[in-house]
Amino acid sequence: MNASRGASPGPLVEAMFSRERLPWALIGVPLGLVEGATVAVFVKKGYAPILPSATVNLAVALVTGAPSMANIVSFAWANLAHGRPRVSLLVALLAAFAICVGLIAFAPSAGGGLLLTIAAVILARMLWAGVLTVRASLWTANYPRHVMARMTGRIVVYNEVGMAAIALTAGWLLDRHAAWARWLYLLAAVAGLGASWLFRAVRVRREYRLLAAEADEGGATPFSLRMLREILAADPAFRRYMFWMSMYGTGNLMVNAQMVVLFTDRLALSSTTQVLLLTALPLLLMPVCLPAWARLFDRGHVIDYRARQCWSLVAAVSIMCVAVVLRWPGLLWPGSVLLGISYAGANLGWNLGHNDFATLGRAQHYMGVHVTLTGVRGLIAAPLGMLCYEWLEHFENGLGIAALLIPLTMITAGAIGFVRMRAAGVGTAPRSR
């Protein structure tokens with residue numbers, strides 16, 4: 001077992017990787033423009049001068065939560081993909097995603113434009129939820145468990161460099177030529193369509209085995225809320241994992257929306273600075289940090305991994321909250337660095353963690369459970385956090401900052417939960433395939 005942990009990927013795995021590399025890098029361009037913090041800054045900058053503050057802040061919460069909220073439809077994507085060839089489905093999803101991102105370029109600068117922007121972001125993220133759900137089984141088939149984190153981590157690096165570059169460009173334009181920023185969405189759509197075209201060359205290793213495993217273990221039963229309940233009832237370890245993931249993830253979603261509003265209204269930071277702190281710098285740090293997280297992930301079970309990784313986000317959010325409360329913008333930069341370190345590890349665990357509970361034929365169903373529950377907290381967390389902020393502001397101007405205590409407490413509780421699971425002996429070794 002230890003020998004396999006240090007084994008090289010092999011020529012076949014490297015060949016699979018080489019076909020995925022460029023498409024995922026290109027799709028990072030449109031994805032970066034509908035990433036929560038980036039599109040939230042775009043909404044705040046573009047609509048704050050013409051619409052009421054509370055309306056714009058709620059819109060900020062909705063687009064910030066959209067990446068997670070959209071996952072609530074993942075069970076539909078799992079049903080659609082079950083028993084079907086993966087590559088052709090992913091090609092169609094990537095193309096539709098790119099088109100939805102391009103629609104934002106045509107949103108007018110008025111109330112109707114804000115509604116169109118919110119709708120386009122949510123629809124794009126719903127399509128991206130489909131990409132994530134279908135991609136999970138493709139990666140499970142193409143990459144053995146002992147090298148999965150390393151190979152998929154390299155793909156994620158290319159994807160996130162594209163996201164960081166376009167986010168930084170958007171922030172720069174919002175500060176200097178705000179009216180031009182929307183046309184970036186059209187250019188990003190073109191890049192996304194190119195990614196879809198190139199993805200046609202990707203192959204699934206032994207796809208017949210994957211489809212047969214789905215037929216044997218999943219049968220003709222579609223993924224549904226009933227199946228979600230059955231999986232959680234039958235697998236207590238996975239159920240506890242999902243509970244603490246929900247606690248941890250809800251806090252993370254709440255704080256992101258609150259930070260965008262506080263960065264603008266309390267600290268008066270420029271759009272470029274906000275995008276740098278919340279999106280570009282964390283994403284650019286991920287290529288540096290991800291290999292170390294991948295090695296840690298490959299050494300053991302996701303429970304042991306999460307019990308270590310989650311504390312980096314606790315530290316990052318704590319530092320950023322102190323910086324906002326005390327109006328010390330300089331302290332935001334080390335907080336952003338820690339945010340990048342934590343996001344690198346969290347992204348890896350989010351994409352691959354369910355594989356340590358599921359067998360091959362059920363990997364897509366377990367991912368469906370995971371992303372559906374992510375969607376539930378995305379639907380609730382960011383709007384609820386913003387409503388708490390606005391409620392406190394209603395009593396006294398500036399009191400809304402106390403709402404930061406809610407997400408900070410939840411993130412810390414989630415980290416403690418994973419530590420307790422590890423101490424209880426849950427996930428002492430990864431499940432073999």
Derived scalar couplings ³J(HN,Hα) [segment 299-316; Karplus, 6.51 cos²θ - 1.76 cosθ + 1.60; whole Hz; x for Gly, Pro]: 7, x, 6, 5, 5, 4, 4, 5, 4, 9, 5, 4, 5, 5, 6, 4, 5, 4
Taking the Cα centre of each part, how many Å lie between segment 84-121 and segment 239-293? 23 Å
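Quick one: divide the alpha-carbon radius of gyration of segment 269-366 by 2.2 N^0.38 Å and tell me what you get. Can you show the working numbers first?
On the way: Rg = 15.7 Å, N = 98, 2.2 N^0.38 = 12.6 Å.
In units of the 2.2 N^0.38 Å rule of thumb, it is 1.25.
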Segment 321-433, relative contact order in percent, only Cα pairs under 8 angstrom and at least six apart counted: 21 percent
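Multiplying the sequence separation of Ala413 and Val288 by 0.36 nm and subtracting their Cα-Cα distance, what value in nm do you get?
Full extension from Ala413 to Val288 adds 42.2 nm.
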To the nearest 10 square angstrom, how much accessible area does Trp180 have with a 1.4 angstrom probe? 150 Å²
Nearest 10, in degrees from 0 to 90: the angle of helix 363-395 to the longest Cα principal axis of the chain is 10 degrees
For the chain (alpha-carbon point model, no solvent) the Debye-based log₁₀ I(q)/I(0) at q = 0.09 Å⁻¹ works out to -0.52
Rounded to whole Å and sorted largest first, list the principal axis extents of the Cα atoms in segment 325-433. 56, 29, 25
Could you point to the residue in Ala423, Val101, Ala76 farthest towards the positive end of the chain's charge dipole, with +1 and -1 charges on the Cβ of Lys/Arg and Asp/Glu respectively? Ala423
The extension gain from Ala268 to Leu326, computed as 0.36 nm times the residue separation minus the Cα-Cα distance, is 19.5 nm
Under the helix-only model (-39500 (n - 2.57) for each DSSP H run of 4 or more, divided by the residues of the chain), the mean residue ellipticity at 222 nm, to 500 deg cm²/dmol, is -26500 deg cm²/dmol
Whole-Hz ³J(HN,Hα) for each residue in segment 410-419, computed from phi via Karplus 6.51 cos²θ - 1.76 cosθ + 1.60 with θ = phi - 60°, x for glycine and proline: what do you get? 5, 4, 5, 4, x, 4, 5, x, 5, 4
Interchain or sequence-distant (5+) residues whose placed amide H lies within less than 5 Å of the amide H of Ser224 are none
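Magnitude of the Cβ-charge dipole of segment 331-433, K/R +1 and D/E -1, about the Cα centre, nearest 20 debye?
Numbers: 6 positive and 4 negative charges, 145 e Å.
Dipole about the Cα centre, nearest 20: 700 debye.
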Output the relative contact order of the chain, whole-number percent, from Cα pairs under 8 angstrom with separation of 6+ residues. 27 percent
Compute the acute angle (0 to 90°) between the alpha-carbon long axis of helix 145-176 and the principal axis of greatest extent of the alpha-carbon atoms of the chain; round to the nearest 10°. 20 degrees
In a shell of Cβ-Cβ distance under 12 Å around Asn397, excluding Asn397 itself, what net charge do Lys and Arg (+1) and Asp and Glu (-1) give? -3
With a sphere of radius 12 Å drawn around the Cβ of Pro291, what net charge do the other residues whose Cβ falls strictly inside it have (Lys, Arg +1; Asp, Glu -1)? +2
Gain in length, Val376 to Ala423, computed as 0.36 nm per residue apart minus the alpha-carbon separation, to one decimal in nm? 14.1 nm
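The values are calculated or read from the model by the stated rules, or taken from the named source; none is laboratory data. Keep in mind it's a predicted model, so treat the numbers as computed, not measured. We place every Cβ from the backbone using ideal geometry, glycine too, and count neighbours over all the protein chains shown. With ligands, DNA and RNA removed, areas are computed over all heavy atoms of the protein, side chains included. Shrake-Rupley method; radii C 1.70, N 1.55, O 1.52, S 1.80 Å.
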